[in-house]
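The numbers here are math on the coordinates, done by the rules we state, and not lab data. Here the structure is a predicted model, which is why all the values come from computation and not from measurement. Cβ coordinates were reconstructed from backbone atoms using ideal geometry, including for glycine residues, and neighbour counts include every protein chain displayed.
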Amino acid sequence: MTQVHVTTTVNGDEVEFLADPRETLLDCLRDKVGMTGAKEGCGTGDCGACSVTLDGRLVCSCLVLGVEAEGKDIGTIEGMADGDDLHPLQAKFIEYAALQCGICTPGILVATEALLKKSPDPSEEEVRYWLAGNLCRCTGYDKIIRAVLDTARDLREGV
Amino acid sequence: MVEVNLWSGLRRFADGQEAVEVEAKTVAEVLQKLVEAHPGLDPVIKAGVSVAVDGEIVQRALNHPVQPDSEVFLLQQFRGG
Amino acid sequence: MALDSKTEFKYIGTRPDRPDGMDKVTGKARYGADAYAPGMLHGAVVRSPHAHAKIVKIDASKALAMKGVKAVVTRADFATDLEGEDWDLLENTIAGEKTLYDGHAVAAVAATSALIAKDAAKLVEVEYEILPCVTDVDAAMADGAPVIRDGAADHSVPEGLHPNVVRYTEFGRGDVEAGFAAADLVVERDFKTEAVHQGYIEPHACLANLGADGKGELWCCTQGHWFVRRMCTALLGLETTQLRVTASEIGGGFGGKTTVFIDPIALALSRAAGKPVKLVMSRSEVLKASGPTSSASMNVKMGMTKDGKLTAATAVFRMQGGAFPGAPMDMTTMLAFSCYDLDNVHHEGFDVMTNRPKQAAYRAPGAPMGAFAVESVMDELCQGLGLDPIDARLTNAVKEGTKSSFGPRYKAVGLIETLEAAKAHPHYSAPLAENTGRGIASGYWMNWGGETSTSLAIGEDGTVQVGVGTPDIGGSRASMALMAAETLGIPYENVRVDVVDTASLGVNEPSHGSRATYASGLAVIESAREAITKLSKRAADKWGIDAEAVEWRDGAAHPSGPNAGDFTPLSIADIAGEMGSTGGPITGHHDASPTGFGGSFGTHIVDVHVDPDTGKSTVVRYTVVQDAGKAIHPSYVEGQFQGGAAQGIGWALNEEYIYDDDGRLQNDVFLDYRIPVASDLPMIDTVIVEVPNPGHPYGVRGVGETGITPPLPAVACAISHAIGHRMTRLPISPPRVLRAIQGKGIS
């Protein structure tokens, strides 16, 4: 099948790739752009391990076609830290041991960053429902939820 | 002599005995002497068993020592996740 | 390896950042599917759509004719002289004469892109002759059930049983009939649990490179790369050490990544194509064709006096392990009554084959099912006799010296301590809301030692590198670094721990059986001690005194006393900086199959609210109390407790394999195979009890597995109390709860 030339922006950098029209954005990011931070856990939009932002909106990149990225602005886990400075969520996840195997962590971080932009003071219930599309099999979510709530508090208090 | 406790399903391979006495200084010897005395136990031991010596569970450590007064149990093979 | 007298720790018990944390929060950590190689091909597997069928013909000519397709492999490309477990493993990896379950691999394709490989797989024509199938354990044992494989039963199976019963066990002691006669109350119940999947979020993935010369390399996500090496080389007819296996970061395993599924296929494709081949499972393939756990049909009978003493107990466990022997009925039977001191006890277990995928280990394999049945009966006895469920458990609890229900006496164990801590926890006495029930249950896993090999080397600047062979599933590199730092007396940050490849150490068993922190940890401590001996010798040589006159403390060599001489202490960095000219590199190494592992008991408390209109059960409060022996990094110990509880809650409430009459799996995506999500769960409180394991220098017990054992009965008992009806079948789905409520006439 003829490949389509796609020009897009990933974490602020212009990126070009050739995509088969059947290929997902997730496959294009991983196999063509070389960004393997987003993971495929299901390929059906159920697990959230492939979460990225598309023009600021949180999406499962396994449910977006690579060709749909044309002209869009994509944000991935690789763009979350500012150089060597971790995003407060990233630092808190390490501090709170909010990851065990870590495969779901990139998706959860991208998703929670999107949540805190929208809702800087979320309740526990709000965080739990926002993250209901991000499966974690290791932690039972306890430490993840605490890390998100406490990061939100730190950010509000300007810590 | 070391008394080796079999699980009861093995009695039919050991002339109905639930405990068998063998002369042995290591777990390997225990297993070897058991088979010599009761060849019917050979496939069971070949298929894999665990051995408990004084509450310590030994599976692959066949060189583990056994004392005459040790409490020895043959157990089904352990499998972990 | 005896327990140290050391009780004051500088590093152990602290909560430093894990060394791999940065890579894991920035997306840099490389998992199974994150590897690429020059000239790499992509693989795709052709799978059977039939649960049970004879393979009449495989025609790959159309696939091979497709542009970009470089190889097709079938069973003919694997070893032909295997028997026993290796044959089972190969048969499960790729079907021979018959396909045995929906999703069973039949052939595989390698092509220049993943899309071409998938398209080509569809062009491989397989002609099947469909055979009758059976997926339920009780149905598979019944007269007239389709035979999965004649002659698969071993020596243990008595005559007269269906050929699908492939292993049998029976053991016990005392006089159970006399015991039941002495009881004031006897409860007997049948129970059923469904098969569930480990549900790791990372599908199986590997990158294989195997030459025609029989030398190869394999990158894969696994709990144990030496196991992978042994299995793959057996299935491909290679010499063991000619294959180097590197474990990637692992995205969850829970027992399911202690065996191989696609790795031998990727190696065979690579050998056939002469290029590296990457093979990644889809979620549907993971659910259909990697190991779920067994389903079980059980009967438990227990008798108790009115003051709470158990008088007798019997159990029968019928467990299906898919189309191969191996259902964990041995562990189920041995551990079913592991919490209780019983004079009269009897167990029976059946390992039954069905047309389902080969079961794989899942966290405390076999134990949760038995605990569900036994703890539910225990709860009903307490209810019937008006006894407090924790007091009744304390009356019967095993302790050091108790003869276990499976034979040997316990060494120091912490069941009583977890029960007492649970009783003292505010959760236990908190008031309950309407339509809410509270469940209590205990559980056990005996843990494991296993083959272990580790190395430690001192760097020129006095920092330390440690190589271990147990993949890090949940923070074990941090635990290893803490134990090395503690032993050497140097900062945690000065220790780097790597999970090294199979060419770098002797054989290591996987990170299974809750053994990593115990066994690799013990070996790291011994490696550090060996290095300390060498470091001390260098100091002694420099000072011109005997090595015995040197004492190692706080990361430096000191003269052991005034008689040893007056020398300025030499730090590890001082000695390391000169080591090239004082005798060469300084390392420590340790190989062992340690047997001093200690089992871990846990007691859980859960409150579950049941909506009487919908039958939906919601866990509203959960507390885990478990004996860790010694918590090296408490955050990751808590994480194991919480994760085990969450998986157990999923098993109790939501998760199940659903097959139709044709043996096709009906729920092969996460939307339908529903594991707990964040909004399903409350916070999970943890209490770490520490009864030191006498078989580890610092008292470590494994903690990974026990936590999944109590939730099944605890949740079921809570719901039973909430609705006033005993729930004996998992999962306790809303329709099942509604039927129970309506059957009882409760609105």
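Give me the dipole magnitude in Debye, nearest 20, for the protein assembly as shown about the Cα centre, with unit charges on the beta carbon: positive for Lys and Arg, negative for Asp and Glu.
Charge dipole of the protein assembly as shown: 1020 debye, to the nearest 20.
Around A:Glu157, what is the net charge, scoring Lys/Arg as +1 and Asp/Glu as -1 over all other residues with Cβ under 12 Å from its Cβ? Once all neighbours under 12 Å are counted, the net charge is -1.
The stretch between A:Val159 and A:Gln3 holds 51.3 nm of extra length on full extension. This uses 0.36 nm per residue minus the Cα-Cα distance. Neighbour counts of other Cβ atoms within 10 Å put C:Leu482, C:Leu310, C:Leu131 in the fewest-to-most order C:Leu131, C:Leu310, C:Leu482. How big is the gap, in Å, between the Cα center of the range C:614-663 and the Cα center of the range C:486-540? What the calculation gives is 32 Å, centre to centre.
Between the alpha-carbon centres of the range C:26-102 and the range A:9-33 there is a gap of 29 Å.
Across the options A:Gly71, A:Asn11, A:Val148, the greatest Cα extent toward the positive end of the charge dipole of chain A (unit charges at beta carbon of Lys, Arg, Asp, Glu) belongs to A:Val148. With both labels modelled 7 Å from their Cα along Cα-to-Cβ, the A:Asp82 to C:Asp4 distance reads 4.3 nm. The Cys residues in chain C with no partner Cys Cβ within less than 4.7 Å of their Cβ are C:Cys133, C:Cys221, C:Cys232, C:Cys339, C:Cys382, C:Cys717.
The simple spin-label model puts a point 7 Å past each Cα toward its Cβ; for C:Thr568 and C:Gln383 those points are separated by 7.5 nm.
Work out the mean other chain Cβ neighbour count within 10 Å for the residues of C:327-339 and drop it here as an integer. Please list the in-between numbers first.
Working: counts 0, 4, 1, 9, 6, 0, 3, 5, 0, 0, 0, 0, 0.
That works out to 2 on average.
Over the C-alpha atoms of the range A:52-159, the Rg to Rh ratio, Rh being the Kirkwood estimate, stands at 0.96. Annotation: Cα Rg of chain C relative to the compact-globule expectation 2.2 N^0.38 Å equals 1.00. With labels modelled as points extended 7 Å from the Cα through the Cβ direction, what inter-label distance (nm, one decimal) is found for C:Glu83 paired with C:Asp498? Roughly 4.2 nm, to one decimal. The residues C:Phe180, C:Phe227, when put in order of fewest to most other Cβ atoms within 10 Å, stand as C:Phe180, C:Phe227. Here's the list of lysines a cross-link from C:Lys192 could span, going by alpha-carbon distance under 19 Å and ignoring same-chain residues fewer than 8 apart: C:Lys301. With a threshold of 21 Å on the Cα-Cα distance, the over-threshold entries among C:Lys98/C:Lys122; C:Lys6/C:Lys423; C:Lys309/C:Lys399 are C:Lys6/C:Lys423.
Relative contact order for chain C using alpha-carbon pairs under 8 Å, separation at least 6, rounded to a whole percent? Contact order relative to length: 16 percent.
Using the count of nearby Cβ atoms within 10 Å as a rough guide to exposure, how do C:Val124, C:Val413 rank from fewest to most?
C:Val124, C:Val413
Of all DSSP bridge pairs formed entirely within chain C, close to 75 percent run antiparallel.
In this Cβ point-charge picture (+1 for Lys and Arg, -1 for Asp and Glu), the range C:599-723 has a dipole of about 560 debye about its Cα centre.
The range C:119-146 and the range B:53-78 have Cα centres lying 42 Å from one another.
Which of the listed residues, C:Ser295, C:Thr222, C:Ala313, is farthest toward the dipole's positive end in chain C, when Lys, Arg count +1 and Asp, Glu count -1 at the beta-carbon? Result: C:Thr222. Overall, the range B:2-76 carries a charge dipole of about 380 debye about its Cα centre when +1 sits on the Cβ of Lys and Arg and -1 on the Cβ of Asp and Glu, all other atoms neutral.
Could you give the alpha-carbon Rg of the range C:178-322 over 2.2 N^0.38 Å, rounded to two decimals?
So the Cα radius of gyration is 1.57 times the expected 2.2 N^0.38 Å.
Relative contact order, whole percent, for the range A:4-79 stands at 40, derived from Cα pairs under 8 Å and 6 or more residues apart. Once the dipole of the protein assembly as shown is set up with Lys and Arg at +1 and Asp and Glu at -1 on Cβ about the Cα centre, which of C:Gly39, C:Tyr128, C:Thr402 lies farthest towards its positive end? Farthest along the dipole direction, towards plus: C:Tyr128.
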